[in-house]
Amino acid sequence: MDKSIKQLAIIGPTASGKSKLAISIARQINAVILSLDSLSLYKEIDIVSAKPIISERGEIEHYGIDLLYPDEPFDVTLFSKLYQDVYRLAVQEGKNLIVVGGTSFYLKSLLDGISPMPPKDKTVSKKVHESILDIGEAYRMLSHLDPHHMAGIASNDSYRIRKALEIFYATGEIPSVYFKNHPPVSTILGKLPLYRIVTERALLRNRIIYRTAEMLQNGLIDEVAYLEKRYSRSPNCMKAIGIKETLMYLDGLYDKMTLEEKITTNTARLAKRQTTFNQSQFDNHLSLDLENLEKRILEEMKI
């Protein structure tokens, strides 16, 4: 495979300016963009996801956006395959690649690697479905069988409990044994330098306040009302910040002022968690403010 392609990853908390930075750099280094974001991958979730609109994307090809409908399931393996497909496409087109880690957990998973899940048939799926109906009992059973693996899983974490059940019922092995026999392998092809946007706390808070107000002005309430009507409140994405508060407004529990305050506060808390995750989970990365980070990236890309 041609190794001349250059790639980089940009991480930072919500509202830090990742998307605009990625688009600006992409225009200058002839790159495509892969978004790793838990909301932007959904069609029809446009305002609350803050995904760049078509006019903002311009001529830059974006991937990882508008892939699924809100009621379609996915897991991190989707991004693993998508990354490799986009990388190969960039090589074929003679372009570079920018990965924007809106949800840094996905980027971390790509870097560290993902153990392949065992194939499951209808019998396994039925057993998992029946077991997960009593999630408390499923958690207790798994904790008894594999206390080491389950120690890091909350008793209400239905996603990870389901995955543990799938492994056990499909292979007969407890997850600890299965993962030991199937160690993760990094998905990343070649070298992927990481760059982290650092934003002063008060400035980031102001950006969040502004973005929340802009979302409401652009029709956030109507978008969430439409999503609820078409997809119900069941999909996991309907529990995202911005959506869950708007649903409470639609239920009459918040007025518009409270709605705006709640979204702002919860987004700021999310940004704090993201900052802590990015600082602690990515060892080798360069951290700078937005303006200086762009200059540094372009220097290192030799533009």
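The values are calculated or read from the model by the stated rules, or taken from the named source; none is laboratory data. As the structure is a prediction and not an experimental result, all values here were calculated from the model. As a convention, Cβ positions derive from the backbone with ideal geometry for all residues, glycine included, and neighbour counts pool all protein chains shown.
Counting only helices (runs of 4 or more DSSP H) that sit completely within the stretch 144-257, those holding 3 or more residues that are within 25 Å of Lys108 (Cα to Cα) correspond to 147-150, 158-171, 175-181, 201-217. If you go through the stretch 253-293 and pick out every residue that is small (Gly, Ala, Ser) and more than 17 Å from Pro193 (Cα to Cα), you end up with 2. For the stretch 251-270, a residue qualifies if it is touching a residue at least 60 places away in the same chain (Cβ under 8 Å) and out of contact with any Gly (no Cβ under 9 Å at 6 or more places or on another chain), and the qualifying residues are Ala268, Leu270. Inclusion of Val91 among residues that are under 24 Å from Leu165 (Cα atoms), outside any loop (DSSP other than H, G, I, E, B) and either in contact with a strand residue (DSSP E or B) (Cβ under 8 Å, 6 or more places away or on another chain) or not small (Gly, Ala, Ser) (or both) is not warranted.
Among Ile11, Ile47, which is the only one that is closer than 30 Å to Lys163 by Cα and either buried (at least 22 other Cβ atoms within 10 Å of the Cβ) or assigned by TED's automatic domain parsing to the domain that holds Leu293 (or both)? That would be Ile11, the only listed residue that is closer than 30 Å to Lys163 by Cα and either buried (at least 22 other Cβ atoms within 10 Å of the Cβ) or assigned by TED's automatic domain parsing to the domain that holds Leu293 (or both). Quick one: what pairs do we get from the stretch 105-134, first residue touching a residue at least 40 places away in the same chain (Cβ under 8 Å), second of a type in the set (Lys, Arg), C-beta under 8 Å, 6+ apart or different chains? Pairs found: Met117/Lys163; Val128/Lys120; Val128/Arg162. For the subset of the stretch 103-123 comprising residues that are hydroxyl-bearing (Ser, Thr, Tyr) and under 13 Å from Thr77 (Cα atoms), which member is modelled with the lowest pLDDT? Looking at the filtered set, the residue picked out is Ser115. Restricting attention to the stretch 280-296, the residues that are surrounded by fewer than 15 Cβ atoms within 10 Å (Cβ to Cβ), in a helix (DSSP H, G or I) and touching a residue at least 60 places away in the same chain (Cβ under 8 Å) total 1. Taken over the stretch 173-183, the residue count meeting the criterion of being within 26 Å of the chain's Cα centre (by Cα) and surrounded by 13 or more Cβ atoms within 10 Å (Cβ to Cβ) is 5.
Here is a yes/no grid of residues against (1) among the polar types (S, T, N, Q); (2) under 25 Å from Ser232 (Cβ atoms):
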residue: Val76; (1), (2): no, yes
residue: Phe105; (1), (2): no, no
residue: Lys127; (1), (2): no, no
residue: Leu133; (1), (2): no, yes
residue: Arg140; (1), (2): no, no
residue: Asp146; (1), (2): no, no
residue: Asn156; (1), (2): yes, yes
residue: Ile161; (1), (2): no, yes
residue: Pro184; (1), (2): no, no
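Based on what the data block shows, is Val76 at pLDDT 95 or above and either surrounded by 13 or more Cβ atoms within 10 Å (Cβ to Cβ) or out of contact with any Gly (no Cβ under 7 Å at 6 or more places or on another chain) (or both)? Considered against the rule, which asks whether it is at pLDDT 95 or above and either surrounded by 13 or more Cβ atoms within 10 Å (Cβ to Cβ) or out of contact with any Gly (no Cβ under 7 Å at 6 or more places or on another chain) (or both), Val76 comes out as no.
Annotation note: Cβ proximity below 8 Å between a residue of the stretch 81-98 that is buried (at least 19 other Cβ atoms within 10 Å of the Cβ) and a residue that is of a type in the set (Phe, Trp, Tyr) (sequence gap 6+ or interchain) occurs for Leu82/Tyr63; Val86/Tyr63; Leu97/Tyr87.
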